[in-house]
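Okay, structure first, notes after.
Here, each number is a calculation from the coordinates, and none is a lab measurement. Since the structure is predicted, the reported quantities are computational estimates derived from the model, not experimental observations. Reconstructed Cβ throughout: ideal geometry from the backbone, glycine too, with neighbour counts over all protein chains shown.
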Amino acid sequence: MDTNQKHFNGYEWYRRKMEQRTRAVLKKQDETFERLHGEDSDEELLRHVHAVAKALGHAPQMCEVPGAQSVASRFGSWRAVLRRLGYTYPAGSPELVRSRRYREEYARQQELYRAERQKKIEARMMRKKNKQEPGEADDANGQ
């Protein structure tokens, strides 16, 4: 066997697949928020950020708030948004993969993927069963 040949790592493939799905959904959520709330007043946008902060129990990083980029651009920066709400800027650097928003969506994507996978397995089993028993299919149609 060639020593330069790489082995397939199923865990890494699955992790990358879930990350891609999660990031795509979060991006779509941000785009949807911007489309639906682009014309909202400053106060409505601030209420949205405040509601997220209240649910989290702390001043949120941008990555924790759907549509945060559009909100920040309206006010000039994320720091300005938090200042308007009376929050201090959170310590540490924002890291999407560590945010609750990301983790919850990642878990949701895992469940969806598992359900999709199970459907594919069941469909494959049905096709296999139908190939093995062609006479029963004909009997069911009255032939």
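Taken over the chain, lysine pairs spaced eight or more positions apart, or on distinct chains, with alpha carbons under 28 Å apart number 19.
Set against the 2.2 N^0.38 Å expectation for a compact globular protein, the stretch 10-135 has a Cα radius of gyration ratio of 1.48.
Between Lys129 and Asp30, what's the calculated FRET efficiency when r is the beta-carbon distance and R0 is 35 Å? Round to 0.05. Intermediate results must be reported in sequence, preceding the final value.
On the way: r = 44 Å, r/R0 = 1.26.
Rounded to the nearest 0.05, the efficiency is 0.20.
Using only the alpha carbon atoms of the stretch 4-58, find the Kirkwood hydrodynamic radius as the inverse mean reciprocal pair distance, in angstroms to one decimal. Intermediate results must be reported in sequence, preceding the final value.
On the way: mean 1/r = 0.0698 Å⁻¹.
For the stretch 4-58, the Kirkwood estimate is 14.3 Å.
Computed about its Cα centre, the charge dipole of the stretch 41-94 is approximately 120 debye, with only Lys, Arg, Asp and Glu carrying charge at their Cβ.
I need the calculated FRET efficiency for the pair Tyr89 and Lys17, taking r as the beta carbon distance and R₀ as 41 Å, to the nearest 0.05. Before the final figure, lay out the partial values.
Numbers: r = 34 Å, r/R0 = 0.83.
Calculated transfer efficiency: 0.75.
Quick check on the exposure proxy: order His50, His7 from fewest to most C-beta atoms within 10 angstrom.
On the way: His50 16, His7 6.
In increasing order of surrounding Cβ atoms, one gets His7, His50.
The residue among His50, His7, Gly76 whose Cα reaches farthest toward the positive pole of the charge dipole of the stretch 1-77, with charges on the beta-carbon of Lys, Arg, Asp and Glu, is His7.
Projected label points at Ser77 and Gln118, each 7 Å from Cα along the beta carbon direction, are separated by 4.9 nanometres.
What number does the stretch 34-107 give for Rg over Rh if you use C-alpha atoms and the Kirkwood radius? Each step should come with its number before you reach the end.
Details: Rg = 11.8 Å, Rh = 12.5 Å.
Reported Rg/Rh (Cα atoms, Kirkwood Rh): 0.94.
Residues Phe33, Phe75, arranged from fewest to most other Cβ atoms within 10 angstrom of their Cβ, appear as Phe75, Phe33.
In a DSSP loop and with at most 13 other Cβ atoms within 10 Å, the GluC sites (Glu not before Pro) in the stretch 55-106 are Glu95.
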